[in-house]
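Novice: Mind looking over this structure? Questions follow.
The values are calculated or read from the model by the stated rules, or taken from the named source; none is laboratory data. None of the values given here were measured: they were computed from a predicted structure. Heads up, the Cβs are rebuilt from the backbone with ideal geometry, glycines too, and the neighbour counts pull from every protein chain shown.
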Amino acid sequence: MIGANVFDKIDGVLTTVFKWICVTLFAALTLIITANIFLRYVPIGSMNWMEEIVELSFAWMVFFGAAAVWIAKGHFSAGDWIGKRLKNPRLRAAYRLLVDVVAAGFIAVFFWYSMELVNRALEVTNVIQFPKKITYISMPISSGIMALYSLKFIVLGVIDVVRPKEA
């Protein structure tokens, strides 16, 4: 059986990769937007391709960033005000499991429709002429990883229901 250390290492590698994708894209966006502002005042060139790169960068940053936060279970929420009120550890674990199952359902639907979008996307961008699929592919990749982690959270939740941890 695969040990918890292996899963922790996979979590760390994926989180690091996604973090660096986001940091790199954010830096690229900063440079591109700064260059665009500069070229408005000093018109020595054109950046007619800028919009396409900005769109791709934001899409990848948002979806891969969301996957990194999903892995860490760090998404914002209204707080665990219900779970804190449940005194029975098994009931509290069942509640958290229910939340994970609902979230997994959302992620599964998102994965399905993002795959549909990628499969149906035939157009190319106007200036650079790269396929729009390149921009859209971040959605099924990130949601696929999020779906796998949702399954992991559900399995851990079932284990916690069967053998609850005391508060």
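Novice: Do you know which residues across the range 128-167 are of a type outside the set (S, T, N, Q) and not in a helix (DSSP H, G or I)?
Specialist: 128, 130, 131, 132, 137, 163, 164, 165, 166, 167
Novice: What number of residues in the range 1-12 are touching a residue at least 40 places away in the same chain (Cβ under 8 Å) and either on the phi > 0 side of the Ramachandran plot or exposed (fewer than 10 other Cβ atoms within 10 Å of the Cβ) (or both)?
Specialist: 0
Novice: Which number in (1) under 18 Å from residue 74 (Cα atoms); (2) of a type in the set (Val, Ile, Thr); (3) without any contact (Cβ under 8 Å) to a residue 24 or more places away in the chain marks the one condition that residue 15 misses?
Specialist: That leaves (3) as the condition not met.
Novice: Take the residues of the range 14-52 that are among the polar types (S, T, N, Q) and either modelled with pLDDT under 90 or surrounded by 14 or more Cβ atoms within 10 Å (Cβ to Cβ) (or both): which is nearest to residue 149 (Cα to Cα)?
Specialist: Per the stated criteria, the residue is 15.
Novice: What pairs can you find where one residue is in the range 109-127 and in contact (Cβ under 8 Å) with a residue 60 or more places away in the chain and of a type in the set (Ser, Thr, Tyr), the other is surrounded by 17 or more Cβ atoms within 10 Å (Cβ to Cβ) and assigned to a loop (DSSP other than H, G, I, E, B), and their Cβ atoms are less than 9 Å apart, with a gap of 6+ or different chains?
Specialist: 125/132
Novice: Determine whether the range 73-90 contains at least one residue that is among the aliphatic types (A, V, I, L, M) and assigned to a helix (DSSP H, G or I).
Specialist: No.
Novice: Here is a list: 118, 109, 101. Which entry is part of a helix (DSSP H, G or I), modelled with pLDDT of 95 or more, in contact with a Phe, Trp or Tyr (Cβ under 7 Å, 6 or more places away or on another chain) and hydrophobic (A, V, I, L, M, F, W, C)?
Specialist: Result: 118 is the single residue among 118, 109, 101 that is part of a helix (DSSP H, G or I), modelled with pLDDT of 95 or more, in contact with a Phe, Trp or Tyr (Cβ under 7 Å, 6 or more places away or on another chain) and hydrophobic (A, V, I, L, M, F, W, C).
Novice: While we're looking at this one, here's another question. Tell me the residue from 109, 124 that is within 30 Å of residue 52 (Cβ to Cβ), β-branched (Val, Ile, Thr) and either surrounded by 15 or more Cβ atoms within 10 Å (Cβ to Cβ) or touching a Lys or Arg at 6+ places or on another chain (Cβ under 9 Å) (or both), please.
Specialist: 124
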